[in-house]
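These notes concern the structure reproduced below.
The values are calculated or read from the model by the stated rules, or taken from the named source; none is laboratory data. These numbers come from a predicted model, not from an experiment. Because the Cβ atoms are built from the backbone with ideal geometry, glycine has one as well, and the counts that use them run over all protein chains shown.
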Amino acid sequence: MTAQAPAQTDGGIRLNGLIKTFRGPHGPIHAVRGIDVSIAAGETAALLGPNGAGKSTTIDMMLGLSKPDGGTVTVFGRPPREAVDAGLIGAMLQSGALIRDVSVRELVTMMASLYPDPMDVDEALEVTGLKAMASQRTQKLSGGETQRARFALAIVSNPELLVLDEPTVAMDVEGRREFWSIMRAFAARGRTVLFATHYLEEADANADRAILMAHGRVVADGPTTEIKARVGRRTLRATLEDVDPSTLACLPGVASAERHGDAVILSCTDSDQAIRALLERYPAARDIEITGGSLEEAFLELTGEPDDEVSELVAP
């Protein structure tokens, strides 16, 4: 039997004026500084930011694990703890180990028993690729298998909101690819997903939008294509032998140039002007391609700005 998404409740996820401050050895640590975020039901959003940006603190408040010092959090119209108790939220956090000396099936079955409308255990095992190792003791699982088991525990409650904090951190490249394929299939059922990750390509490939945090604030929020467009520079690549990069850097519209073998890579402030100047001066240039800014470039540019309150500490 295929589990259906629980009946939708009012709204989505709303963070309004959210503030969280911790007491540090040298004064207050402002972890989250008045953020406002709305995530619609059925949306998949990535939460990005460097260490200390306030991502985990924000997630803790969404899950009711920590109370905000200011502002409000609602999850489908309910306070976080009430939403968790109703089985509306499933979470896979960075910390926490699996209970030892039980099988994967026993652990998932135990978790399912805690919720009013759980997913069928066999389905949860199949969806997460754990059916073949359902009888395996949890302490015998590999790192990637452990992450899958934690994912099964997160979804077996049949949640409307799935929260994933660095879910692929222990997985190899193939494991990460399989994980996101499973996650996309789960989200396609109409579920809402929020995930935090350090792998920017995961956000670019799997999120409807990205929320970038730095210094406890939201510095960008929108589709990844829109965020990448905020990085003004484009990159022009071409095959061109025997031309010094310092000469190419002087072309109109070019900010910097480097050479990799016979290929030259030009960072452009105006790619249209740069390609015209390149072809006019070096008509032998070939294999030309122009690409927009990457999410990584946008991430570094938007989250790398110095804080305007440099005297304050920021929580990890």
If R176 satisfies every condition in (1) surrounded by fewer than 20 Cβ atoms within 10 Å (Cβ to Cβ); (2) within 18 Å of the chain's Cα centre (by Cα) but one, which is the exception?
(1)
Please report, ordered by residue number, the helices (runs of 4 or more DSSP H) entirely within the range 56-135 with at least 3 residues that are without any contact (Cβ under 8 Å) to a residue 24 or more places away in the chain.
80-85, 104-112
Mind listing just one residue for me: the one in the range 136-169 that is part of a helix (DSSP H, G or I) and in contact with a Lys or Arg (Cβ under 8 Å, 6 or more places away or on another chain) and, of those, nearest to T74 (Cα to Cα)?
T138
Tell me whether the range 72-80 contains one or more residues that are surrounded by fewer than 17 Cβ atoms within 10 Å (Cβ to Cβ), assigned by TED's automatic domain parsing to the domain that holds A220 and at pLDDT 95 or above.
yes
For the range 168-176, indicate whether the set of residues that are modelled with pLDDT of 90 or more and among the β-branched types (V, I, T) is non-empty.
no
When the residues of the range 92-111 are filtered to those that are under 18 Å from Q136 (Cβ atoms) and among the small types (G, A, S), which remaining residue is surrounded by the fewest Cβ atoms within 10 Å (Cβ to Cβ)?
A97
